[in-house]
Amino acid sequence: MNRVAKRARYLSILIVVFSLCAIVFFYDYFTSASTWVVHPSNANIYHDGELTVAGNVYSSDKVKLLQSDNNGLTYADDFFTRLSTLHVVGDKDDNITTGVLTSKRDKLIGYDLLNGLFGAADSDHTIHLTINAELSALAYQALGEQNGAIGIYNYETGEVLCMVSKPSYDPYDPPSAADAVDGVYINRVMNGVFVPGSIMKLVTSYAAIENISDIYEQTFDCHQGVEIDGQWIECNGYHGTQTFEQALANSCNAAFARIAIQVGNDTLEEYAKKVGITSTYTIDGVRTSAGRFNVADADNVNLAWAGIGQYTTMVDPMQYMMFCGAIANGGVMKKPYYIEEGSFLSSINISDDGERIMEEDVANQLKELMRNNTISNYGEWNFPDLEVGAKSGTAEVEEGDPHSWFVGFSNAEQTPLAFVVIVENDGGVSSSINVASTVLQRAASIMDK
Ligand SMILES: [Zn+2]
């Protein structure tokens, strides 16, 4: 009797172990089958390590960015088009995870869980991107010798026209592991996180408008800086007495240090969250990186630094572009997309009405302030007919010269575009303004066609 009981126990254990294995297998099958199918050892879709049945990828200006056939992968003919669109198109080794070649590979080769690979070879799997090849190549070259990131999107529709990340490389001549430095595989627009510097003053301004009732009546003195609790916070100039509007146009650290302290730790943190700095977004299947904003334990000096964009704060360029787009769009933030809705991968953004992140009235006030920045400081002549509202930023970084930021929007009816430009280690703000001027004017002429 005892022996039977013992056997029964063994049998029960075996059944439990078997069931567990089965659960693990089916879970794996449903979650990872597409990963197994697209593995380079699958001879149905690879030949000598080259994908042979992936579809084609086209830019919005009808440039074939990628083709796959029995010769493997063929990229665009133009050198700068290949480099400037690589982080959107991707590479065969999946080093660039933001590329459609990785993020949409199972769909590109025609695989699905129900039908497997049947029909993969003879169906058409073309992806049409909203990305403009000519604009991308121009943007890449506009960065000159520097690394950086450039994004432009339509804040009314969500359509991304340009998403360029530098450094890049020629997919026909990929870097060796040792040469793959400076985050060459990272799409800096979606997955770069940078110190914001003075572009952060837009968030501080947003919080100030809603929480300091007399913000427009206050004046702020600047003696090339200000003393906060015995510590000197340096400013970029000697600004004298200024209004709130003038302080933003001057990007005055002395003024914004005191504004941040008036706003307070909890409120400033709440507004950083509200505009999305600490959030991630899934855009055409790729997650953007979350930035960081934490002033819970900051004293007045550190709160002041956070309010002017230093301290421990980090932001993601794509997210900041979305924030600027929301300001221009009456407070509603449209989610970007870069895969054309008509593509077989029909984007889920079709019914996206956007997310309201601020009241329309407040958005319009910020819009006015940013328009004033351009008129009084950055130069309307840099952006003819575009009605640009913007904010520049110089972000101190641990190594090398500061990064140069320029973010904003075009308020003209024909060109509802929000943009982000970051030129790394370039010191002054003029470089990012020049880059923005070049690419925005080209974007406008493309939309005019
Ligand atoms: Zn100042």
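The values are calculated or read from the model by the stated rules, or taken from the named source; none is laboratory data. In this text the structure is predicted, and so the values were computed from the model without any measurement. With ideal geometry, Cβ positions are generated from the backbone for all residues, glycine too; neighbour counts draw on all protein chains shown.
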Discussion item. Show the residue pairs meeting these rules: Cβ distance below 7 Å; 6+ apart or different chains; first residue within the range 394-422 and in contact (Cβ under 8 Å) with a residue 40 or more places away in the chain; second residue hydroxyl-bearing (Ser, Thr, Tyr) and surrounded by fewer than 23 Cβ atoms within 10 Å (Cβ to Cβ).
Written reply: PRO402/THR394
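Do we find a residue being in a loop (DSSP other than H, G, I, E, B), acidic (Asp, Glu) and at pLDDT below 90 anywhere in the range 96-118?
Checked against the condition, which is being in a loop (DSSP other than H, G, I, E, B), acidic (Asp, Glu) and at pLDDT below 90, the range 96-118 yields no hits at all.
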Worksheet item: Which numbered condition trips up THR81, out of (1) on the phi > 0 side of the Ramachandran plot; (2) touching a residue at least 40 places away in the same chain (Cβ under 8 Å)?
Response: (1)
Worksheet item: Pick from the range 39-75 the residues that are modelled with pLDDT under 90 and of a type in the set (Val, Ile, Thr): which of them is surrounded by the most Cβ atoms within 10 Å (Cβ to Cβ)?
Response: ILE45
Worksheet entry | Only listed residue being assigned by TED's automatic domain parsing to the domain that holds ARG356, over 29 Å from the mean Cα position of the chain (by Cα) and not basic (Lys, Arg), chosen from THR267, THR243, THR278 | THR243
Discussion item. Criterion first (within 16 Å of the ligand (Cβ to nearest atom) and either assigned by TED's automatic domain parsing to the domain that holds PHE79 or more than 23 Å from GLU368 (Cα to Cα) (or both)) does GLN224 satisfy it?
Written reply: yes
Worksheet item: Which number in (1) within 12 Å of the ligand (Cβ to nearest atom); (2) without any contact (Cβ under 8 Å) to a residue 60 or more places away in the chain; (3) not in a strand (DSSP E or B) marks the one condition that LYS273 misses?
Response: (1)
Item to complete: Take the range 251-270 and flag every residue that is buried (at least 24 other Cβ atoms within 10 Å of the Cβ) and either away from the ligand (no atom under 16 Å from the Cβ) or not hydroxyl-bearing (Ser, Thr, Tyr) (or both).
Response: CYS252, ASN253, ALA254, ALA255, PHE256, ALA257, ILE259, ALA260, VAL263, LEU268
Practice prompt. Find all pairs meeting these conditions: Cβ atoms under 8 angstrom apart; at least six residues apart or on different chains; first residue within the range 323-339 and surrounded by fewer than 23 Cβ atoms within 10 Å (Cβ to Cβ); second residue at pLDDT below 95 and assigned to a strand (DSSP E or B).
Written response: VAL332/GLU355; LYS335/ILE283; LYS335/GLU355; TYR337/ILE283
Worksheet item: Which condition number in (1) of a type outside the set (S, T, N, Q); (2) within 19 Å of ASN377 (Cβ to Cβ); (3) modelled with pLDDT of 95 or more is the one that ALA444 fails?
Response: (2)
Discussion item. I'd like to verify a number: residues in the range 140-159 that are out of contact with any Gly (no Cβ under 7 Å at 6 or more places or on another chain) and either part of a strand (DSSP E or B) or more than 23 Å from GLY400 (Cα to Cα) (or both), how many?
Written reply: 9
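Could you list, in sequence order, the residues of the range 227-250 that are surrounded by 17 or more Cβ atoms within 10 Å (Cβ to Cβ) and more than 8 Å from the ligand (Cβ to nearest atom)?
If we filter the range 227-250 for residues that are surrounded by 17 or more Cβ atoms within 10 Å (Cβ to Cβ), which is where we start, we get 228, 233, 235, 239, 242, 244-250.
ILE228, ILE233, PHE244, GLU245, GLN246, LEU248, ALA249, listed by residue number.
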